[in-house]
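Written below as structure tokens is the structure these notes are about.
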Amino acid sequence: MTGPTSDVSVRVAWPDDAPAIAALQLRVWREQYAGVLPLEALPAEDEVDEAAGAWRESLTRPGDARNRVLVALERNRVVGFAITCPAADPDCDPVADAELMEFTVDPGERRRGHGSRLLQAAADTMRADRFRRSVLWLAATDDDLRAFLVGAGWDADGAHRELEAGIPGAETVRQVRLHTALS
């Protein structure tokens with residue numbers, strides 16, 4: 001006999017998920033960009049309602065039928081989310097290449113399988129949308145996410161970029177691009 005198992009899943013996000021997605025995104029951004037952006041440039045906790053409104057709008061009216069948001073759940077609690085869409089990079093084919101625009105798992109929920117389930121669901125979704133390859137930009141210093149993705153079959157493709165925040169006191173964010181075949 002086995003013991004009880006967790007109630008975990010991944011599904012397409014609903015507009016009602018907007019507040020939970022916004023809260024998770026802003027909390028992770030505050031951690032991820034601390035030391036890169038000045039404290040006053042980081043989103044404040046009281047900005048969740050405004051961010052949730054933007055999320056609700058994008059979930060209700062996506063700009064492209066292939067723009068998808070998936071949520072990883074533990075019971076009914078959002079513990080991660082992923083955004084998939086056609087790749088916009090000039091060296092990508094928006095018909096054949098998808099972009100994993102954002103991949104976020106709550107730091108307190110990592111190493112519990114949520115990221116693996118979410119990544120697999122995102123790949124399945126991009127395949128269902130007939131994409132053959134996916135790319136993802138990540139901070140060059142994000143060794144944990146890079147190791148996770150490389151372990152799942154992603155690899156650097158040599159592309160890199162630097163993002164200027166345009167905020168006094170902000171550092172340049174250096175990113176590398178990873179890619180994987182979806183077929």
I need the strands (runs of 3 or more DSSP E) fully contained in the range 1-91, keeping only those with at least 2 residues that are without any contact (Cβ under 8 Å) to a residue 60 or more places away in the chain. 77-86
Can you work out which of the residues in the range 145-174 that are β-branched (Val, Ile, Thr) and exposed (fewer than 14 other Cβ atoms within 10 Å of the Cβ) is farthest from Ser134 (Cα to Cα)? Ile167
Answer yes or no as to whether Thr180 is over 17 Å from the mean Cα position of the chain (by Cα) and of a type in the set (Ser, Thr, Tyr). no
The listed residue being touching a residue at least 24 places away in the same chain (Cβ under 8 Å) and small (Gly, Ala, Ser), out of Gly151, Gly158, Gly169: Gly169
Against the condition under 17 Å from the mean Cα position of the chain (by Cα) and at pLDDT 95 or above, how does Leu26 come out, does it pass? no
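The values are calculated or read from the model by the stated rules, or taken from the named source; none is laboratory data. From a predicted model like this one, the values you see are computed outputs, not experimental measurements. Note: ideal-geometry Cβ built from the backbone for every residue, glycine included; neighbour counts use all protein chains shown.
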